[in-house]
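Since the structure comes first, as structure tokens, the remarks are kept for the end.
The values are calculated or read from the model by the stated rules, or taken from the named source; none is laboratory data. Bear in mind that the values here come from a model prediction, so they are computed numbers and not experimental data. Cβ atoms come from the backbone with ideal geometry, glycine included; neighbour counts cover every protein chain shown. Side chains are part of the model used for accessible areas, which takes the heavy atoms of the whole protein and leaves out ligands, DNA and RNA. Shrake-Rupley method; radii C 1.70, N 1.55, O 1.52, S 1.80 Å.
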Amino acid sequence: MSYMERHPMIMIVIGVLGISLSAIFVKYSAAPSAVTAAFRLSWTVILMSPVVWAKREIREELLHIEKKQLLISVLSGIFLAIHFVLWFESLQHTSVASSTSIVCTEVIWVALGYCLFLKGSLSKKAVLAIIVTFAGSVAIACADSSSGAVHVYGDILALVSAVAVAVYTLFGRIVRNSVSTSVYTYVVYVSCAAVLLATCMVQSYPLFGYGISAVVVGLLLSVFSTILGHSIFSWCLKYFSPAFVSASKLCEPVVASIIAVFLFSELPSLLQVFGGAMIIGGVYYYSRIEKAGT
């Protein structure tokens, strides 16, 4: 047994730091949001491809995936692309604290989508969690309104990006019943990268010409936020319950906000802190309800 397997909490800490750095890295990119996102996913595909194509079982499954599962995976990648563009853009208009807190509402939108489209159901406690979370988003918007319409616009972009990533998650829930994680994520990332590159072409955004920042930020996002962030959380599911892993991700807004205070002097207002606490509390409460099965 390796050292990390004996001390898996170290990986949780690394994972939290990895995803928390995402919003910080984006702030340093001088390129349009679509270009930054395109580099992130392109780097991810480049880094994943040797592993995917080198393993025979993954390669065989990928080449023989059913058309329906392939289509759903591609659709999932499209919504993931929408999420990245909108979220990265939100960070150009509002604070790290506001944007990351609002994006955390993804879990709530997944719950609603599961209820509306996948014939699931919500208990009264779950509805209460959704109300509290939404109220937190409203509180942040009210706090940002005093800073001007631009900040509220950034909050709205973050909210829509949370809905988009929730749709991506729901599609994944359907496909993962019959497709392995490696194949599903690879198809999603490839399609997502393709959509982002196409978006850059349609909007006439050149991939280069912004200095080295976009390329470097894209690589950092791929390595730290995707591989050392989300992928590590998937690894941690072997040693911790899904509820604990999900709850640990709620540290992202807190860690990202603390880093932003020192790097960008983004000191959140009392109402922002209150709204963020409501969102984190609501999402955590919902995760506890889901774990209890009530």
Tell me the residue from SER231, SER204, SER161, SER222 that is closer than 25 Å to LEU250 by Cα and without any contact (Cβ under 8 Å) to a residue 40 or more places away in the chain, please. SER231
Name the residues in the stretch 172-185 that are part of a helix (DSSP H, G or I) and surrounded by fewer than 22 Cβ atoms within 10 Å (Cβ to Cβ), would you? GLY172, ARG173, ILE174, THR181, SER182
Leading residue by the ranking (modelled with the highest pLDDT) among those in the stretch 282-294 that are touching a Ser or Thr at 6+ places or on another chain (Cβ under 8 Å) and either open to solvent by 40 Å² or more (accessible area, probe 1.4 Å) or among the small types (Gly, Ala, Ser) (or both): GLY282
In the stretch 1-57, what count of residues is obtained for those that are buried (at least 21 other Cβ atoms within 10 Å of the Cβ), among the aliphatic types (A, V, I, L, M) and either free of Cβ contacts under 8 Å to residues at least 24 places away in the same chain or not in a helix (DSSP H, G or I) (or both)? 1
Can you find even one residue in the stretch 132-147 that is part of a loop (DSSP other than H, G, I, E, B) and closer than 19 Å to LEU271 by Cα? yes
Considering residues of the stretch 250-275 that are among the small types (Gly, Ala, Ser) and under 20 Å from the mean Cα position of the chain (by Cα) only, the residue surrounded by the most Cβ atoms within 10 Å (Cβ to Cβ): GLY275
When restricted to LEU196, LEU228, the only residue within 22 Å of SER73 (Cα to Cα) and either surrounded by 15 or more Cβ atoms within 10 Å (Cβ to Cβ) or in contact with a strand residue (DSSP E or B) (Cβ under 9 Å, 6 or more places away or on another chain) (or both) is LEU196
